[in-house]
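Here's the structure we're looking at; comments come further down.
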Ligand SMILES: CC(C)(COP(=O)(O)OP(=O)(O)OC[C@H]1O[C@@H](n2cnc3c(N)ncnc32)[C@H](O)[C@@H]1OP(=O)(O)O)[C@@H](O)C(=O)NCCC(=O)NCCS
């Protein structure tokens, strides 16, 4: 199955950090999920989570969503999958560098920088989400190989996981590349969540 992750803009009508904005983020992620489902023949409803917030398979389709203030993303696959988005915005405190990766992992990606930080962060979150885990498991998920500018491998739970990054509007989107290829789609909320091909 070719993965077609969909990214969708979040409505900016509601102020940042308000419940209404969070709701808008979540809405955009579900619009992205609907677009994914339409593209791969998955069900249009029945996308439920368990009591730990972990997305549950729906008629054999696995799914993952991510949403930040201005962008949301979703992906559907025929096996466990994870997606994550982050705004590439340097923070004040570089102490987080040591929290996200160890010295060996930083060397693998070519040294400490904010760009590399967000690659590692989203790669680990996507991989852990594919396992139904959260950031509590960060240190047990390790960057293993730098493949190229858009791909990394990670090692988690005794297996290697390949991830692909996609950059858009100063954001990084990362998906576990579990399919036969990846075609990123960018959606628009203006015309009923239509998507266009970015491959
Ligand atoms: C899961 C987690 C990584 C999500 O990351 P985030 O940057 O906060 O949020 P994102 O927008 O990227 O993703 C949110 C989506 O992830 C999904 N999600 C939440 N928990 C998940 C999990 N354990 N596994 C997979 N997906 C999960 C949900 O669908 C959620 O969207 P929704 O609330 O609209 O349904 C993060 O919230 C986390 O680590 N939480 C702590 C969970 C945990 O580890 N608890 C045990 C203590 S260590």
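The values are calculated or read from the model by the stated rules, or taken from the named source; none is laboratory data. If you're wondering where the values come from, they're calculated on a predicted model, not measured in any experiment. All Cβ positions, glycine included, derive from the backbone under ideal geometry; neighbour counts span all protein chains shown.
Within the range 5-30, the only residue that satisfies the criterion of being closer than 11 Å to residue 75 by Cα and surrounded by fewer than 21 Cβ atoms within 10 Å (Cβ to Cβ) is 30. Has the range 104-120 got any residue that is away from the ligand (no atom under 15 Å from the Cβ), outside any helix (DSSP H, G or I), more than 19 Å from the chain's Cα centre (by Cα) and closer than 24 Å to residue 66 by Cα? Among the residues of the range 104-120, at least one is away from the ligand (no atom under 15 Å from the Cβ), outside any helix (DSSP H, G or I), more than 19 Å from the chain's Cα centre (by Cα) and closer than 24 Å to residue 66 by Cα, which makes the answer yes. Taking first residues from the range 117-128 that are closer than 10 Å to residue 142 by Cβ and partners that are assigned to a helix (DSSP H, G or I) and more than 12 Å from the ligand (Cβ to nearest atom), the Cβ contacts under 9 Å between residues at least 6 apart in sequence or on separate chains come to 120/100; 120/105; 120/106; 120/109; 124/100. Just one of the listed residues (145, 122) is under 23 Å from residue 62 (Cα atoms) and touching a strand residue (DSSP E or B) at 6+ places or on another chain (Cβ under 8 Å), and it is 122. Of the residues making up the range 91-103, just one is buried (at least 19 other Cβ atoms within 10 Å of the Cβ) and part of a helix (DSSP H, G or I), namely 100.
Yes or no: the range 126-145 includes at least one residue that is part of a loop (DSSP other than H, G, I, E, B), within 24 Å of residue 68 (Cα to Cα), more than 16 Å from the ligand (Cβ to nearest atom) and modelled with pLDDT of 95 or more. No, the range 126-145 contains no residue that is part of a loop (DSSP other than H, G, I, E, B), within 24 Å of residue 68 (Cα to Cα), more than 16 Å from the ligand (Cβ to nearest atom) and modelled with pLDDT of 95 or more.
Pairs linking a residue in the range 83-108 that is closer than 18 Å to residue 176 by Cα to a residue that is exposed (fewer than 12 other Cβ atoms within 10 Å of the Cβ) and at pLDDT below 95, with Cβ atoms under 8 Å and 6 or more positions apart or on different chains, do not occur. Remark: pairs (first residue in the range 15-35, more than 22 Å from residue 175 (Cβ to Cβ); second residue within 13 Å of the ligand (Cβ to nearest atom) and assigned to a helix (DSSP H, G or I); Cβ separation under 8 Å; 6+ apart in sequence or on different chains) = 15/21. Would you call residue 76 under 18 Å from residue 175 (Cα atoms), within 14 Å of the ligand (Cβ to nearest atom) and touching a residue at least 40 places away in the same chain (Cβ under 8 Å)? Judged against the criteria, residue 76 is a match. Within the range 143-159, residues that are without any contact (Cβ under 8 Å) to a residue 60 or more places away in the chain sit with their Cβ atoms under 7 Å from residues that are loosely packed, with under 12 Cβ neighbours inside 10 Å and part of a strand (DSSP E or B), at 6+ positions apart or across chains, in these pairs: 144/160; 153/160.
More than 17 Å from residue 131 (Cβ to Cβ), within 15 Å of the ligand (Cβ to nearest atom), without any contact (Cβ under 8 Å) to a residue 24 or more places away in the chain and surrounded by 15 or more Cβ atoms within 10 Å (Cβ to Cβ): does that describe residue 47?
Considered against the rule, which asks whether it is more than 17 Å from residue 131 (Cβ to Cβ), within 15 Å of the ligand (Cβ to nearest atom), without any contact (Cβ under 8 Å) to a residue 24 or more places away in the chain and surrounded by 15 or more Cβ atoms within 10 Å (Cβ to Cβ), residue 47 comes out as yes.
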